[in-house]
Amino acid sequence: MYKILNKQDLGPSIKEFLISSPEIARKAQPGQFVVVIIDERGERIPLTIADYEREKGTITIVVQEAGKTTYQLGGLNSGDTLFDVIGPLGIPTHIENKGTIVCVGGGVGIAPIYPVARGFKEFGNKVISIIGARTKELVIWEDKIASVSDEVYITTDDGSYGRKGFVSDELQRLIKGKKEFALVFAVGPTLMMRAVSEVTRPYKLRTIVSLNPIMVDATGMCGACRVSVGGKTKFVCVDGPDFDGHQVDFDQLLSRQRIYLQEEKKALQSCDSANKHSRIK
Amino acid sequence: MKIAPKKVKMPRQKPKVRVTNFNEVALGYTKEQAQQEARRCLQCKKAPCIKACPVEIDIPSFIAKIAEKDYRGAIRKIKEANLLPAMCGRVCPQEGLCEKACILSKKYEPVAIGRLERFVADWEIQKGSPESSSLPSSTGKRVAIIGSGPGSLSCAGDLVRLGHSVTIFEALHKPGGVLVYGIPEFRLPKAIVGREVEYIRSLGVEVKTGYVIGNIYTLDELFSQGYDAIFIGIGAGLPKFMDIPGENLNGVYSANEFLTRTNLMKAYLFPQYDTPIKIGKRVAVIGGGNVAMDASRVALRLGAQKVFNIYRRSPQEMPARVEEVQNAKDEGVEFKFLTNPARILGNKEDWVTGIECIKMELGEPDESGRRRPIPIKGSEFIIGVDIVVMAIGAGANPLLPSATPDLKVNKWGYIVIDETSGKTSKESVWAGGDIVSGAATVISAMASGRRSARAIHQYLMKALQPRDFS
């Protein structure tokens with residue numbers, strides 16, 4: 001059992017959890033994730049570690065309510081416990097001193113770029129962050145991202161905050177207007193990561209994306225998370241989650257992410273008809 | 001006394017009924033049936049069955065106790081050699097081991113050793129909590145065991161009974177390894193696995209779930225926490241695919257995923273349980289082993305109207321147990337022998353619509369001794385299916401070995417050991433089960449767990465000089 005030490009509403013349907021997990025906190029690296037199981041009948045969902053404090057023995061995860069499990073998770077509060085938190089999983093993001101790094105975070109994917117941006121900053125890189133969301137109140141962690149970035153650019157789809165447009169548009173603008181970037185690191189919805197990769201492709205600008213496919217065991221055992229990268233099948237849980245965005249077959253990933261849409265709807269309905277935030281007995 | 005030529009039949013759920021549920025198919029002997037079967041045993045002085053048993057259970061003795069109605073005595077006898085009899089009685093391939101060696105089998109059917117083992121194990125479970133064995137005083141030595149499948153559980157059981165302190169680290173959220181995620185409920189009820197794990201716990205073994213060793217701790221970190229020895233029994237947890245076009249289409253599962261969703265995550269109870277699974281109308285399961293039989297039978301129980309088992313060789317070469325193949329047939333699985341998938345077909349939305357296969361014929365024997373299947377040109381044909389399950393074996397999961405550079409693995413990624421002890425190339429580390437042998441059986445994993453337990457015990461009792469951590 002893992003205790004939730006603090007919960008914060010970051011925006012409509014976006015929740016931040018501080019979880020007590022000294023052993024995972026001790027080992028966590030930027031780019032890694034955990035598997036969370038809410039209760040004995042729960043599914044195993046992968047969530048990127050958005051922050052960790054080794055001394056305090058805590059990890060932070062940020063969740064957007066979308067399906068049954070995330071709604072249920074969103075209904076938990078400080079003092080509640082999670083059935084299991086397993087990790088750290090996945091290969092950490094490769095961080096080295098390269099020059100100027102652009103970290104791009106979209107929607108709830110803004111949070112996971114924080115430890116990566118911090119890591120690059122600590123290694124002496126110049127860090128430029130581009131964060132964006134549909135609308136103003138979904139732009140999260142602006143201060144945290146700013147604290148580890150040399151420059152921060154903000155976009156919203158509806159123009160309610162920052163520049164109107166997508167994070168990929170902002171990236172395009174920066175590339176056209178500025179000097180050399182060594183690397184782009186992007187986390188967010190798959191469509192956004194694809195758009196970012198397409199922006200950088202003509203410039204042969206190295207682009208790392210952190211993929212978020214469906215997983216079950218997340219230890220390389222089942223292959224649910226497989227995706228084609230450079231024509232080869234990779235297991236995101238153990239070969240990733242970071243991959244070269246120019247090599248990823250995003251269409252396949254998008255398609256595989258939709259496998260259980262019907263079931264997800266059904267689960268959410270059965271959940272709605274009782275109480276979204278509690279288990280149906 | 002005249003010996004009955006055939007085994008006493010075990011009551012079973014009828015095929016038409018059992019495909020509609022996940023309850024156990026074989027229902028077990030009654031006391032009368034067990035005694036009747038036990039009386040068929042010749043009580044050989046030099047019992048060949050004992051030698052044929054990987055863990056060397058004193059088979060004639062426990063059977064004699066059953067005949068005498070001394071079930072407590074029988075279970076004690078078994079547990080001298082095997083701490084997990086309810087499981088072994090169910091999933092051990094006895095027909096290739098003890099029962100194959102049974103003298104009776106020269107003329108008649110052998111004694112139903114597996115069914116008798118199961119009978120006494122179930123008798124003990126029904127009696128309530130199992131008898132706890134008295135443990136020797138603590139040696140003060142600590143052993144970490146990685147993985148909680150059959151090899152690890154038997155290793156843990158032996159070591160704790162020798163007075164060592166044992167901690168099992170399991171990566172998943174439930175202990176049991178393949179017994180929990182792989183073998184379906186209808187063949188091995190999870191309550192039985194739970195009982196056997198509880199028994200191991202009751203002996204004093206600590207079981208920690210949700211620990212992915214290699215990630216959360218390296219082996220060296222475990223040593224620095226004070227463990228004196230480590231046994232690795234992490235299984236062959238890497239699904240194999242065929243590398244044919246269409247394998248990443250929606251609706252293609254590895255057997256590991258298909259079975260894990262169903263068995264470990266209980267997707268057959270969705271939405272009471274949160275994990276979903278796609279239920280096909282027509283399902284193709286590729287492969288001829290026990291896992292393929294399990295996946296085929298799971299597909300039927302999930303509600304598939306038609307399940308095809310596609311195997312590239314002929315029935316004689318099938319690695320699955322004869323009993324399991326028969327079970328699958330009785331339940332309505334349609335076998336396509338000498339048939340090999342060439343590609344998986346999909347629609348615009350990337351969903352599986354069919355599987356193109358090619359007919360095979362058997363040529364000369366290959367390195368496995370089985371006749372090599374050769375494709376027949378122009379014999380391609382399509383089977384319309386919406387779900388494909390790849391059950392063509394599992395490889396070595398690289399997660400722990402890759403985090404342990406000084407652990408020697410072979411070219412397939414399996415851990416290299418000394419055959420007599422299970423000792424690996426790394427100081428104070430032993431290994432056994434499928435991560436050493438490649439996918440094999442529950443009982444062979446248990447035998448290797450016991451072998452390493454003996455070696456670890458010797459090592460712990462002998463070597464008291466400080467270890468070099470450099």
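The values are calculated or read from the model by the stated rules, or taken from the named source; none is laboratory data. The shown structure was predicted, so the numbers you read here are calculated from the model rather than taken from an experiment. Counting neighbours? That spans all protein chains shown, and the Cβs are built from the backbone with ideal geometry, glycine included. Only protein heavy atoms, including side chains, enter the accessible area calculation; ligands, DNA and RNA are left aside. Shrake-Rupley method; radii C 1.70, N 1.55, O 1.52, S 1.80 Å.
General remarks:
Table: residues versus (1) crowded, with 20+ Cβ neighbours inside 10 Å; (2) in contact with a strand residue (DSSP E or B) (Cβ under 8 Å, 6 or more places away or on another chain); (3) modelled with pLDDT of 95 or more; (4) on the phi > 0 side of the Ramachandran plot.
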| residue | (1), (2), (3), (4) |
| --- | --- |
| A:Leu211 | yes, yes, yes, no |
| A:Met215 | yes, yes, yes, no |
| A:Ala218 | yes, yes, yes, yes |
| A:Cys225 | yes, yes, yes, no |
| A:Ser228 | no, yes, yes, no |
| A:Phe235 | yes, yes, yes, no |
| A:Asp251 | no, no, yes, no |
| A:Leu254 | no, no, yes, no |
| A:Leu261 | no, no, no, no |
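- The set of residues in segment A:71-96 that are outside any strand (DSSP E or B) and within 11 Å of chain B (Cβ to nearest Cβ) comprises A:Gln72, A:Phe83, A:Gly90, A:Ile91, A:Pro92.
- Taking each residue of segment B:208-229 that is over 16 Å from B:Thr404 (Cα atoms) and looking for partners that are open to solvent by less than 40 Å² (accessible area, probe 1.4 Å) and β-branched (Val, Ile, Thr) with beta-carbon atoms closer than 7 Å, six or more apart or interchain, yields B:Lys208/B:Thr167; B:Lys208/B:Ile168; B:Gly210/A:Ile86; B:Tyr227/B:Val143; B:Asp228/B:Val143.
- Test result for B:Ala191, aliphatic (A, V, I, L, M) and in contact (Cβ under 8 Å) with a residue 24 or more places away in the chain: no
- Residue count for segment B:215-230, restricted to those that are open to solvent by less than 40 Å² (accessible area, probe 1.4 Å) and either among the basic types (Lys, Arg) or within 29 Å of A:Gly240 (Cα to Cα) (or both): 8
- In segment B:233-248, residue surrounded by the most Cβ atoms within 10 Å (Cβ to Cβ) [restricted to those that are out of contact with any Gly (no Cβ under 7 Å at 6 or more places or on another chain) and either more than 9 Å from every other protein chain (Cβ to nearest Cβ) or assigned to a helix (DSSP H, G or I) (or both)]: B:Met242
- Residue that is modelled with pLDDT of 95 or more, in a helix (DSSP H, G or I) and away from chain A (no Cβ under 14 Å), where the choices are B:Ala304, B:Ala328: B:Ala328
- Residue count for segment B:250-289 under the criterion of being of a type in the set (S, T, N, Q) and surrounded by fewer than 24 Cβ atoms within 10 Å (Cβ to Cβ): the result is 2.
- Taken together, the residues in segment B:40-82 that are acidic (Asp, Glu), closer than 18 Å to B:Glu95 by Cα and part of a helix (DSSP H, G or I) amount to 0.
- Of B:Glu24, B:Glu37, all but one fail to be acidic (Asp, Glu), touching a helix residue (DSSP H, G or I) at 6+ places or on another chain (Cβ under 9 Å) and in a loop (DSSP other than H, G, I, E, B); the exception is B:Glu24.
- For segment B:215-232, the count of residues that are in a loop (DSSP other than H, G, I, E, B), under 21 Å from A:Ala224 (Cα atoms) and modelled with pLDDT of 95 or more is at least one.
- Total residues in segment B:249-294, condition β-branched (Val, Ile, Thr) and either at the interface with chain A (Cβ under 8 Å from one of its Cβ atoms) or part of a loop (DSSP other than H, G, I, E, B) (or both): 4
- Residues in segment B:183-208 that are open to solvent by 40 Å² or more (accessible area, probe 1.4 Å) and in contact with a strand residue (DSSP E or B) (Cβ under 9 Å, 6 or more places away or on another chain) were compared, and the one that is nearest to the other protein chains (Cβ to nearest Cβ) is B:Lys208.
- If you filter segment B:346-400 down to residues that are in a loop (DSSP other than H, G, I, E, B) and among the small types (Gly, Ala, Ser), you find that the one that is surrounded by the most Cβ atoms within 10 Å (Cβ to Cβ) is B:Ala391.
- Hits in segment B:332-345 - residues which are buried (at least 18 other Cβ atoms within 10 Å of the Cβ) and out of contact with any strand residue (DSSP E or B) (no Cβ under 6 Å at 6 or more places or on another chain): B:Phe337
- Hits in segment B:401-415 - residues which are open to solvent by less than 60 Å² (accessible area, probe 1.4 Å) and either in contact (Cβ under 8 Å) with a residue 12 or more places away in the chain or within 23 Å of B:Val283 (Cβ to Cβ) (or both): B:Pro401, B:Ala403, B:Thr404, B:Leu407, B:Val409, B:Gly413, B:Tyr414, B:Ile415
- Subset tally (residues that are surrounded by fewer than 24 Cβ atoms within 10 Å (Cβ to Cβ) and either in contact with a helix residue (DSSP H, G or I) (Cβ under 6 Å, 6 or more places away or on another chain) or acidic (Asp, Glu) (or both)) for segment B:291-301: 1
- Options B:Leu153, B:Leu159; residue that is closer than 22 Å to B:Ala455 by Cβ, open to solvent by less than 10 Å² (accessible area, probe 1.4 Å), away from chain A (no Cβ under 14 Å) and out of contact with any Leu (no Cβ under 8 Å at 6 or more places or on another chain): B:Leu159
- Enumeration of residues in segment B:35-59 that are open to solvent by less than 20 Å² (accessible area, probe 1.4 Å) and within 25 Å of the chain's Cα centre (by Cα): B:Cys49, B:Cys53, B:Val55, B:Ile57, B:Ile59
Table: residues versus (1) hydroxyl-bearing (Ser, Thr, Tyr); (2) open to solvent by less than 10 Å² (accessible area, probe 1.4 Å); (3) outside any loop (DSSP other than H, G, I, E, B).
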| site | (1), (2), (3) |
| --- | --- |
| B:Cys88 | no, yes, yes |
| B:Glu95 | no, no, yes |
| B:Lys100 | no, no, yes |
| B:Pro110 | no, no, no |
| B:Gly114 | no, yes, yes |
| B:Phe119 | no, no, yes |
| B:Trp123 | no, no, yes |
| B:Ser129 | yes, no, no |
| B:Ser134 | yes, no, no |
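- As a summary of the residue check, B:Met318 satisfies the conditions (1) more than 23 Å from the chain's Cα centre (by Cα); (2) at pLDDT below 95 except for the one numbered (1).
- Within segment A:7-38, the set of residues being of a type in the set (A, V, I, L, M, F, W, C) and assigned to a strand (DSSP E or B) comprises A:Leu10, A:Ile14, A:Phe17, A:Leu18, A:Ile19, A:Phe33, A:Val34, A:Val35, A:Val36, A:Ile37.
- Yes/no for A:Pro12 being within 14 Å of another protein chain (Cβ to nearest Cβ), open to solvent by 10 Å² or more (accessible area, probe 1.4 Å) and not hydrophobic (A, V, I, L, M, F, W, C): no
- Residues of segment A:140-170 classified as open to solvent by less than 20 Å² (accessible area, probe 1.4 Å) and of a type outside the set (Ser, Thr, Tyr), total: 6
- Failed item, numbered, when B:Ser428 is tested on (1) open to solvent by 20 Å² or more (accessible area, probe 1.4 Å); (2) hydroxyl-bearing (Ser, Thr, Tyr); (3) more than 20 Å from B:Pro239 (Cα to Cα): (1)
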